[in-house]
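Remarks on the structure that follows.
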Amino acid sequence: MPVPVYYNFAPISVNLDPNDYSTKEIILKKSQNTPPNLRLNDINYFAKSLYITTQSATSYLIIKCMADSNDDSSDVLLFAIPLSDGSPTESDIDNLMNGGNVELDLHKYLKPGDAKVSSALNHVITVVVSNKTCSIPVKGTLTNSYKSAITNLQLNAETDATIAKQDLDWVLSCDLLDENGIAYPNPTMNEPAAQVDSANTITFLMMALMIAGSAYLIGPTVYNLGGLFKLAKVLGKGAEDGSTKPNHYTLNIYWGILLILAAVMCIVQGGIMKKDLYYFLAIGLIFSYFAATSAILKLDGVANDVGTGFRNTSGMFKYFGSIVAPESELTVAGLPSTIRIIAAVCFYLGSLIGLVLMILGVSNVGKEPKLLFSIGIILFLALPGISMLMVANYVKSD
């Protein structure tokens, strides 16, 4: 199987005098955070210098690359591109020979195709590009090319290879290339990713179901021990229709608004950040609301005769108004005004700050959006929950 060699050369800029190419190695300018230029055997190499040389009546552009751009003793890769004279127009190689400020754009000449790779010699490997793959045309004469020996250059490389362009600063993969240098689909790279996605989906779905299941099992217990059953009885007094049925409906609406609005924000966050976790968190919040509602409807005196809804469905927003009004059923039932004010502040301040932080988390992608969103959703649900528990524990019912 041919050895894959990957290349990616940004335009190379040099400043040299005429005929410098024939007397010395052309050193390239260094810049910080320069991506690698060649990759062979899972090792990246960085271009350091150029030669224009002729050996055995064939001329080459030699690009000397180092495995460590800051260490001249690191492994070396010599990339040899054949040159052909007799071109009617000047190329980038002619500009190099003429001197001055020159830009060499190798991507104008390189294309995927065959090459040869030598065996390692004193930590030096030579890659020779095939004439059929690439041959840079030159108008001027090449007789004055670099005459000194280039250490460990092996233009008689024999191992079959292929070259192909690839973005080496972030793609680190092993591809099989077809006859045109195009990578075949790599099942060894795709199958694990698909398995990870499937595992995450199953995990998140189980998380959502566990949230809903916990709400179904724990909801009635919290409802009774937290005093919400007693609170519903107080809110049922003074109804417009004269009934005194416990108003569990307004408490249900309270939590429905909070949980569904939080779920909507999770869906928006998931769409922006492309994270499935937020979608399943939204599913968990919605399921928990309906699961807890279903469980509470099974408590004595909560559901109507049919068992499909609440006995008292009047005043759906009654609780919201009761914690604000100085004179309400809560005050009559012995709720201290200080506790009522604290509960109102916890609800309105918590829901407002929580909603603002969630919106900031959605809009500020790249500026700690997950942290802002997480804090926001906790405040949005926790403080209103604490508010209701405070009211329920201080209020008195007959």
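Observations on the structure shown:
- Breaking point among (1) more than 35 Å from the chain's Cα centre (by Cα); (2) in a strand (DSSP E or B), for ALA47: (1)
- Cβ separations smaller than 6 Å between residues 6+ apart or across chains give the following pairs from the stretch 270-283 residues that are assigned by TED's automatic domain parsing to the domain that holds ALA208 to residues that are among the aromatic types (Phe, Trp, Tyr) and crowded, with 20+ Cβ neighbours inside 10 Å: GLY270/TYR278.
- Cβ-Cβ under 7 Å pairs, at least 6 apart or on other chains, the stretch 360-389 side at pLDDT 90 or above, far side surrounded by fewer than 19 Cβ atoms within 10 Å (Cβ to Cβ) and not in a helix (DSSP H, G or I): LEU389/GLY226
- Residue match in the stretch 12-28 (condition: part of a strand (DSSP E or B) and not aliphatic (A, V, I, L, M)): yes
- Exclusive hit being crowded, with 17+ Cβ neighbours inside 10 Å and either under 22 Å from GLN154 (Cα atoms) or of a type outside the set (A, V, I, L, M) (or both), set ILE81, ILE12: ILE81
- Top-ranked residue of the stretch 15-26 - restricted to ones that are touching a Ser or Thr at 6+ places or on another chain (Cβ under 9 Å) and surrounded by 18 or more Cβ atoms within 10 Å (Cβ to Cβ), ranked as modelled with the lowest pLDDT: TYR21
- Failed item, numbered, when THR221 is tested on (1) touching a residue at least 12 places away in the same chain (Cβ under 8 Å); (2) outside any loop (DSSP other than H, G, I, E, B): (1)
- Filtering VAL124, VAL129, VAL117 for residues that are touching a Pro at 6+ places or on another chain (Cβ under 7 Å), surrounded by 14 or more Cβ atoms within 10 Å (Cβ to Cβ), β-branched (Val, Ile, Thr) and under 22 Å from VAL76 (Cβ atoms) leaves a single hit, VAL129.
- Qualifying residue in the stretch 77-90 (condition: closer than 23 Å to ARG39 by Cβ, at pLDDT 85 or above and charged (D, E, K, R)): no
- Residue within the stretch 223-235 that is over 40 Å from the mean Cα position of the chain (by Cα), modelled with pLDDT of 90 or more, in the same structural domain as SER387 (by TED's automatic domain parsing) and of a type in the set (S, T, N, Q) present: no
- Qualifying residue in the stretch 329-342 (condition: part of a helix (DSSP H, G or I), at pLDDT 90 or above and closer than 22 Å to CYS266 by Cβ): no
- Taking the criterion of being in contact with a Phe, Trp or Tyr (Cβ under 8 Å, 6 or more places away or on another chain), modelled with pLDDT under 90 and under 30 Å from THR141 (Cβ atoms), the only residue of the stretch 28-74 that qualifies is THR54.
For (1) under 16 Å from ILE62 (Cβ atoms); (2) in the same structural domain as ALA67 (by TED's automatic domain parsing); (3) without any contact (Cβ under 8 Å) to a residue 40 or more places away in the chain, each residue gets a yes or a no:
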| residue | (1), (2), (3) |
| --- | --- |
| LEU78 | yes, yes, no |
| THR89 | no, yes, no |
| ASP92 | yes, yes, no |
| GLY99 | no, yes, no |
| LYS108 | no, yes, yes |
| LYS111 | no, yes, no |
| GLY140 | no, yes, no |
| SER145 | yes, yes, no |
| THR162 | no, yes, no |
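- Of the strands (runs of 3 or more DSSP E) lying entirely inside the stretch 81-138, the ones with 1 or more residues being within 42 Å of the chain's Cα centre (by Cα) and of a type in the set (Ser, Thr, Tyr) are found at 124-129.
- For SER13: the one exception among (1) within 22 Å of ASN122 (Cβ to Cβ); (2) in contact with a strand residue (DSSP E or B) (Cβ under 8 Å, 6 or more places away or on another chain): (1)
The values are calculated or read from the model by the stated rules, or taken from the named source; none is laboratory data. Just so you know, these numbers come straight off a predicted model, no measurement behind them. Cβ sites come from the backbone with ideal geometry, for glycine too, and all protein chains shown count toward neighbours.
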